[in-house]
Amino acid sequence: MKLAILPGDGIGPEIVAQAVKVLNLLKSEGAAIEMETAPIGGAGYDAAGDPLPEATLKLAREADAVLLGAVGGPRYDALDRPLRPERGLLRIRKELNLFANLRPALLYPELAGASSLKPEVVSGLDIMIVRELTGDVYFGQPRGIEVRNGERVGFNTMLYSESEVRRVARVAFGIAMKRGKKLCSVEKANVLECSELWKAVMIEVSRDYPEIELCHMYVDNAAMQMIKWPKQFDTIVTGNLFGDILSDAASMLSGSIGMLPSASLDEHNKGMYEPIHGSAPDIAGRNLANPLATILSLAMMYRYTFADIATADRIENAVKKVIAQGYRTVDIFTEGAQKVSCSEMGDAVVKAM
Ligand code: IPM
Ligand code: MG
């Protein structure tokens, strides 16, 4: 296994270091794992004047999988858009053709009290959001800010080709088959042509999956339903922008955004694995961050890229165990639990394994 390790900015290096501890444990047991680290985001800009340095992209291309921390920080906000950390992240997703972004939202029973919703609303929660990741208004052309009729206008293009919708649909239907066989496609077809096409293609693809119960929901309603009664959802498939928003909302159901991992996959299950949270500059460098989303992302790497279900389960069970043992970083801390730092949480997971 050749892994590209891209810690990025803010809390990125701290949380990635904890996942690397898990990898080192597996290595010490004999697993053939090669790791190479490279800068991305603000760190890429600092090192090479580019949020996605050439050498980093090359490493990521040659690796079997990529583990990423987070990118961004206030230091880089004034840079020109192409130089900003976020652009590095978007470019690596696009360059590696990682069009299917899997974002599971799962509630660990012991964390029900950490959610801002009532325990009965979130207990037993297990949702998978499949977000399209390389299209939509994130990448559509034309885009820009220009002067029209004497004033500035900003514009972006929401665009999906049917082949883009079809390939992410197939991934989502495939995942739904292995879960509750219920798929909810989220769009805004009452207003947007782009969504109208999205919905039509979903219906076409559904003919190949007669066992799946497909439903359609407008994104505004989906946002409401997600907070009202999230357990009605099993698998959700949606576009890049709506998926970005809904997955942040879903993360709060599970107690903390610090718990949610993600996998971004190409056609051949090569993937990049990252927590869905950002670089949290406010707590960076203070050993406070929750590394569990990153460690759970590593579990997803074993599950999806390496099809090593035993190791994936082992890592996930270790996370369940440390939660059950009462270890809590500040973001998931509730009275009576044992508050631990980022590195202590990493050590606890390694010990539990
Ligand atoms: C995410 C993030 C990114 C996105 C940002 C950092 C560009 O919010 O992965 O959800 O919008 O996709
Ligand atoms: Mg986001």
Go through segment 263-299 residue by residue and tally those that are over 22 Å from Val350 (Cα atoms), more than 16 Å from ligand 2 (Cβ to nearest atom) and aliphatic (A, V, I, L, M). 3
Of the residues Val66, Val147, only one is modelled with pLDDT of 95 or more, among the aliphatic types (A, V, I, L, M) and outside the structural domain of Pro51 (by TED's automatic domain parsing); which? Val147
Of the candidates Arg179, Arg207, the one satisfying the condition of being of a type outside the set (Phe, Trp, Tyr) and under 18 Å from Leu125 (Cβ atoms) is Arg179
Per the filter on segment 280-312, residues under 18 Å from Cys342 (Cβ atoms) and touching a Ser or Thr at 6+ places or on another chain (Cβ under 6 Å) are Asn287, Asn290
Which one is surrounded by the fewest Cβ atoms within 10 Å (Cβ to Cβ) among residues in segment 94-106 that are closer than 25 Å to Leu253 by Cα and not hydrophobic (A, V, I, L, M, F, W, C)? Pro104
With respect to Ser195, determine if the residue is assigned to a helix (DSSP H, G or I), at pLDDT 95 or above, within 15 Å of ligand 1 (Cβ to nearest atom) and farther than 25 Å from Asp77 by Cβ. no
If you check every pair at least six apart or on different chains, which have Cβ atoms under 9 Å apart with a residue in segment 207-236 that is in a helix (DSSP H, G or I) first and a residue that is surrounded by 13 or more Cβ atoms within 10 Å (Cβ to Cβ) and aromatic (Phe, Trp, Tyr) second? Val219/Phe242; Ala222/Phe233; Ala222/Phe242; Ala223/Phe242; Gln225/Phe233; Met226/Phe233
Condition first: modelled with pLDDT of 95 or more and either charged (D, E, K, R) or more than 16 Å from ligand 1 (Cβ to nearest atom) (or both). Can you find one or more residues in segment 246-265 that meet it? no
Filtered residue count, segment 179-225, keeping only those that are aromatic (Phe, Trp, Tyr) and in contact with a His (Cβ under 8 Å, 6 or more places away or on another chain): 0
Checking the conditions here, which among Arg179, Arg152 is at negative phi and surrounded by 13 or more Cβ atoms within 10 Å (Cβ to Cβ)? Arg179
Filter result for Ile257 (farther than 25 Å from Met158 by Cα, of a type in the set (A, V, I, L, M), surrounded by fewer than 24 Cβ atoms within 10 Å (Cβ to Cβ) and within 11 Å of ligand 2 (Cβ to nearest atom)): yes
Limited to segment 92-117, what total is found for residues that are within 16 Å of ligand 2 (Cβ to nearest atom) and farther than 30 Å from Asp64 by Cβ? 0
Among the residues that make up segment 117-130, is at least one of them at pLDDT 95 or above, part of a loop (DSSP other than H, G, I, E, B), in the same structural domain as Asp248 (by TED's automatic domain parsing) and not basic (Lys, Arg)? no
Can you say whether Gly30 is at pLDDT 95 or above, farther than 30 Å from Arg170 by Cα, among the small types (Gly, Ala, Ser) and within 16 Å of ligand 2 (Cβ to nearest atom), as far as the supplied structure shows? no
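The values are calculated or read from the model by the stated rules, or taken from the named source; none is laboratory data. Source: prediction; values computed, not measured. Methodologically, a virtual Cβ is constructed for each residue, glycine included, from the backbone with ideal geometry; neighbour enumeration extends over all protein chains shown.
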